[in-house]
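The values are calculated or read from the model by the stated rules, or taken from the named source; none is laboratory data. The structure displayed is predicted, hence computed values, not measured ones. As a convention, Cβ positions derive from the backbone with ideal geometry for all residues, glycine included, and neighbour counts pool all protein chains shown.
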Amino acid sequence: MLDQGAPPQNSGQTAAQASPGIGARLMRRKPVERLVEEGGQGEGGSLRRTLGLWQLTMISIGATLGTGIFVVLGEAVPKAGPAVTLSFVIAGLTALFSALSYAELAGTIPVSGSSYSYAYATMGELIAWICGWCLVLEYGVSVAAVAVGWGEYLNELLDGTIGVTIPAALSAPPGDGGVFNLPALIVVLLAMAFLMGGARESARANTVMVIVKIAALVLFCAIGVQGFRSGNYENFMPLGMAGVSAAGATLFFSYIGFDAASTAGEEAKNAQRDLPRAIMLSLVIVTALYVLVAAVAVGAKPWKNFTDSEAALAQIMRDVTGQTFWGTLLAFCAVIAIASVVLTVLYGQTRILFAMSRDGLVPKVFSKVHPKTKTPRTNTLIVSLFCGVLAAAIPLGQLADATSIGTLFAFALVNVAVVVLRRTKPDMPRTFRVPLSPVLPALGFGFCLWMMGSLSAVTWVVFGVWMAAGLVFYFLYGYRRSRLAPSEK
């Protein structure tokens with residue numbers, strides 16, 4: 001028999017030989033306590049806590065409200081017909097289940113990394129990296145897609161006020177009849193300028209833009225209902241449930257952003273109390289407005305007359321009133337409103353990369369904090385330039401679906417994370433708890449997979465290529481530079 005107390009035969013065994021294998025390294029988790037302790041700390045300084053419940057709610061509404069209504073509605077109606085209202089409800093329910101999980105985790109782990117950090121604490125580094133990589137796709141590509149829609153409404157505004165429009169060569173990307181989408185690049189650079197000034201200043205600007213946005217949608221409903229025709233709803237579901245599902249998957253793009261408040265976890269004054277409230281409140285407000293506006297839009301215009309024009313609401317206003325003034329006014333409000341989406345989603349993207357950089361998975365430059373503004377300025381500059389060029393060169397439809405699949409994947413992981421954390425840290429203080437867990441998180445997970453399955457094969461190919469590129473980057477860079485990696489001597 002072996003002596004259980006005897007020392008190992010190879011007393012010269014190296015630390016490298018005793019280190020965990022690749023499987024254990026890929027599954028290494030970052031303790032929740034460490035995540036919270038490091039909150040706000042970046043390369044060369046820390047973020048500043050300046051945001052209250054009002055600002056956090058406005059960030060979530062700013063990042064969400066307007067994207068689907070102002071930009072994607074004209075693309076979704078031909079897929080579902082009048083049942084597009086049902087598509088909004090389905091997309092909203094999918095978002096709601098995930099929002100409940102986000103609310104619990106945001107109150108428990110109030111850090112900048114959002115679902116990336118939640119996955120790191122519950123499922124290990126490789127899953128966290130995949131989630132973070134999906135968020136880079138979600139936020140970065142969403143900024144570009146929304147910026148493209150902003151250019152459409154800018155042309156509507158210019159045409160209605162001074163009778164000129166930006167030439168197609170400079171207002172549309174290649175593949176959509178243009179060469180370079182200059183307005184899309186401009187709005188991203190304007191958002192970058194606000195973010196450079198600081199989180200508080202950006203939040204103030206966003207609040208003003210959100211108020212304009214809500215006023216614009218209420219105005220549309222008040223005028224659009226005058227052209228309401230019940231006959232437009234006679235054949236409610238002309239393309240069947242498959243059309244409703246396909247439109248729902250596309251419209252899920254319009255709910256992207258409610259999780260933006262969770263990326264502000266390290267700049268919130270009382271993150272554990274305010275983050276769950278901001279997430280849920282913003283989603284309720286956004287869903288109610290989406291369904292109302294979609295119902296009025298389809299009632300005022302036969303669904304077969306909708307086109308994939310990004311300025312669908314302004315066209316309906318003109319058709320109902322017979323005047324260009326109201327459509328021009330809506331276009332003006334949309335220019336302001338969509339700019340707030342660009343601003344807040346761009347903010348979320350920079351904070352995700354901030355957290356990943358702090359963990360060593362992406363270069364340190366992304367977590368470098370400016371000493372005066374207490375913001376990751378270099379990070380903001382790099383991300384803005386990347387998103388601006390993307391917006392100027394890629395057609396909107398492809399961007400929207402690519403964003404949806406990355407978001408749905410990340411949301412699915414959040415629903416898993418909330419169940420795992422309940423099992424591994426059952427006694428951890430929680431300011432919000434998902435009711436009927438694990439049933440509701442399981443439903444959220446299932447809805448996300450169902451909607452991912454509704455997306456086109458081309459979107460899945462793009463997603464697969466993106467994931468493959470992310471894994472290559474992780475194994476070449478993040479795997480060895482991770483702050484959880486064992487030190488090599």
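Search segment 108-158 for residues being charged (D, E, K, R) and modelled with pLDDT under 80, and hand back the single one that is nearest to SER98 (Cα to Cα). First the steps, then the outcome.
Filtering segment 108-158 for residues charged (D, E, K, R) gives 125, 138, 152, 156.
Add one more test, that the residue is modelled with pLDDT under 80, and what stays is 138, 152, 156.
Working: GLU138: 15, GLU152: 31, GLU156: 36 Å.
The residue in question is GLU138.
VAL296 fails exactly one of the following numbered conditions: (1) closer than 24 Å to VAL141 by Cα; (2) surrounded by 22 or more Cβ atoms within 10 Å (Cβ to Cβ). What is the number of that condition? Every condition holds for VAL296 apart from (1). For segment 314-331, a tally of residues being among the small types (Gly, Ala, Ser) and modelled with pLDDT of 80 or more returns 1.
Which residues, taken from segment 189-245, are of a type in the set (Asp, Glu) and either at pLDDT 85 or above or not in a helix (DSSP H, G or I) (or both)? Step through it out loud before you land on a result.
As a first pass, look at segment 189-245 and keep what is of a type in the set (Asp, Glu): 201, 234.
GLU234 - this is the single residue of segment 189-245 that is of a type in the set (Asp, Glu) and either at pLDDT 85 or above or not in a helix (DSSP H, G or I) (or both).
Going by the conditions given, is ARG423 basic (Lys, Arg), surrounded by fewer than 20 Cβ atoms within 10 Å (Cβ to Cβ) and assigned to a loop (DSSP other than H, G, I, E, B)? So ARG423 does not fit the description; no. Within segment 341-361, the set of residues being buried (at least 24 other Cβ atoms within 10 Å of the Cβ) and small (Gly, Ala, Ser) comprises GLY348, ALA355. Regarding SER171, is this residue within 24 Å of GLY299 (Cβ to Cβ) and of a type in the set (S, T, N, Q)? No: the conditions fail for SER171.
One line per residue, one yes/no per condition, for (1) of a type outside the set (A, V, I, L, M, F, W, C); (2) surrounded by 22 or more Cβ atoms within 10 Å (Cβ to Cβ); (3) closer than 30 Å to GLY151 by Cβ:
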site: GLY406; (1), (2), (3): yes, yes, yes
site: ALA410; (1), (2), (3): no, yes, yes
site: MET428; (1), (2), (3): no, no, no
site: SER437; (1), (2), (3): yes, no, no
site: GLY444; (1), (2), (3): yes, yes, no
site: TRP450; (1), (2), (3): no, no, no
site: MET467; (1), (2), (3): no, no, yes
site: TYR479; (1), (2), (3): yes, no, no
site: SER482; (1), (2), (3): yes, no, no
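For ALA103, state whether it is at pLDDT 85 or above, assigned to a helix (DSSP H, G or I), surrounded by 24 or more Cβ atoms within 10 Å (Cβ to Cβ) and over 16 Å from the mean Cα position of the chain (by Cα). Taking the combined requirement at face value, the residue does not satisfy it.
One residue alone among PHE306, PHE253, PHE228 is aromatic (Phe, Trp, Tyr) and either under 16 Å from the mean Cα position of the chain (by Cα) or within 30 Å of THR57 (Cβ to Cβ) (or both), and that residue is PHE253. Considering LYS301, LYS269, the condition of being surrounded by fewer than 24 Cβ atoms within 10 Å (Cβ to Cβ) and touching an Asp or Glu at 6+ places or on another chain (Cβ under 7 Å) is satisfied by LYS301 alone. Could you tell me whether segment 245-258 includes any residue that is over 30 Å from ASN305 (Cα atoms) and crowded, with 20+ Cβ neighbours inside 10 Å? Within segment 245-258, one or more residues are over 30 Å from ASN305 (Cα atoms) and crowded, with 20+ Cβ neighbours inside 10 Å.
Please pick out the residue among THR165, THR161 that is in contact (Cβ under 8 Å) with a residue 12 or more places away in the chain and not charged (D, E, K, R).
Details: THR165 fails: in contact (Cβ under 8 Å) with a residue 12 or more places away in the chain.
One residue alone meets the criteria, THR161.
The rows are residues; the columns are (1) at pLDDT 85 or above; (2) surrounded by fewer than 22 Cβ atoms within 10 Å (Cβ to Cβ); (3) touching an Asp or Glu at 6+ places or on another chain (Cβ under 6 Å); (4) closer than 30 Å to LEU126 by Cβ.
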| residue | (1), (2), (3), (4) |
| --- | --- |
| SER309 | no, yes, no, no |
| ALA339 | yes, no, no, no |
| PRO363 | yes, yes, no, yes |
| LEU385 | yes, yes, no, yes |
| PRO395 | no, yes, yes, no |
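Do we have any residue at all in segment 358-370 that's in contact (Cβ under 8 Å) with a residue 12 or more places away in the chain and within 26 Å of VAL461 (Cβ to Cβ)? Checked segment 358-370: at least one residue is in contact (Cβ under 8 Å) with a residue 12 or more places away in the chain and within 26 Å of VAL461 (Cβ to Cβ).
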